[in-house]
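See below for the structure under consideration.
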Amino acid sequence: MESKASALVVQAGEAARASLADGAFELLADGGAVSASRLTLAVGADGAPPHHHKLSHELFYMLDGTMLFRLGDTLTTVGKGGLVVVPPGLPHVFGAAAGEMADVVVVLSPGIERFGYFEQLAAISRGEAEFASLLPEQDRYDVHFENLPDWRSAPSAGA
């Protein structure tokens with residue numbers, strides 16, 4: 001007998017949550033075809049540290065507010081209703097734009113179980129864990145960290 005795949009349905013209030021020092025994750029789906037979360041960031045707050053993915057595309061859909069993205073060497077702002085798709089290998093980083101909050105749905109495809117990463121990232125943001133604790137987990141979560149200090153500044157010519 002052929003088994004049928006079942007749909008994933010997450011109702012409002014059912015998602016796992018991870019609180020940040022200046023925002024929150026709602027962890028909606030983990031692994032399989034997609035990993036999905038909703039990220040809210042306080043005014044001007046940074047999101048994840050600079051990174052790239054070797055395997056996954058990352059999609060951002062802005063529900064509200066404005067985010068600043070650094071995509072490779074390009075800085076861009078995206079507001080409510082905007083969409084960003086980051087291909088594998090492209091270094092990127094994001095946060096709420098200066099003077100703005102951000103509410104965004106983030107989808108990674110293919111999905112890799114990343115809830116542990118988001119929970120650890122939240123603990124780091126609250127000062128409960130060290131960033132170095134994520135370094136050995138880069139391959140596991142397909143989140144490979146980049147050295148982009150002062151990422152909110154445009155890269156200088158020739159850099």
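Once both labels are modelled 7 Å past Cα along the beta-carbon direction, what's the V10-T77 spacing in nm?
So the label points at V10 and T77 sit 2.9 nm apart.
Residue by residue through region 20-26, which ³J(HN,Hα) values in whole Hz follow from phi under the Karplus form 6.51 cos²θ - 1.76 cosθ + 1.60 (θ = phi - 60°), with glycine and proline marked x?
With the stated coefficients, region 20-26 comes to 9, 4, 9, x, 7, 9, 10 Hz.
Based on the alpha carbon coordinates of the chain, what radius of gyration and maximum Cα-Cα distance (Dmax) apply, in Å?
Looking at the chain, its Cα Rg and Dmax stand at 15.8, 62 Å.
Give the residue list of GluC sites (Glu not before Pro) in region 61-159 that are DSSP loop and have at most 16 other beta-carbon atoms within 10 angstrom.
Those satisfying the criteria are E113, E128, E130, E146.
When only C-alpha pairs under 8 Å and at least 6 residues apart count, what is the relative contact order of the chain, in percent?
28 percent
Using a Gaussian network model on the chain with a 10 Å cutoff between Cα atoms, which of S109, S133, S35 fluctuates the most?
S133
Return the whole-Å distance between the Cα centroid of region 1-63 and the Cα centroid of region 129-151.
For region 1-63 versus region 129-151, the Cα centre distance is 18 Å.
Over region 73-118, what percent of the accessible surface lies on carbon and sulfur atoms, probe 1.4 Å?
58 percent
How would T40, T77 line up by accessible area, probe 1.4 Å, largest first?
My answer, sorted largest first, is T77, T40.
Mind giving me the FRET efficiency for R17 and D139? R0 is 22 Å, r the Cβ-Cβ distance, nearest 0.05 is fine.
That pair, R17 with D139, gives E of 0.25.
Summing -39500 (n - 2.57) over the DSSP H runs of n ≥ 4 in the chain and dividing by its residue number, what mean residue ellipticity at 222 nm do you reach, to the nearest 500 deg cm²/dmol?
Taking each H run of at least 4 residues, the total per residue is -2500 deg cm²/dmol.
For R114, enumerate residues with amide H under 5 Å from its amide H, sequence gap 5+ or separate chain, H modeled in the peptide plane.
G31
Using the heavy atoms of the protein chains alone and a 1.4 angstrom probe, what is the accessible area of the chain per residue in square angstrom?
53 Å²
The values are calculated or read from the model by the stated rules, or taken from the named source; none is laboratory data. Please read these numbers as outputs of a predicted model, since none were measured by experiment. Neighbour counts run over all protein chains shown; Cβ positions are idealised from the backbone, glycine included. These accessible areas exclude ligands, DNA and RNA; they are computed on the full protein's heavy atoms, side chains included. Shrake-Rupley method; radii C 1.70, N 1.55, O 1.52, S 1.80 Å.
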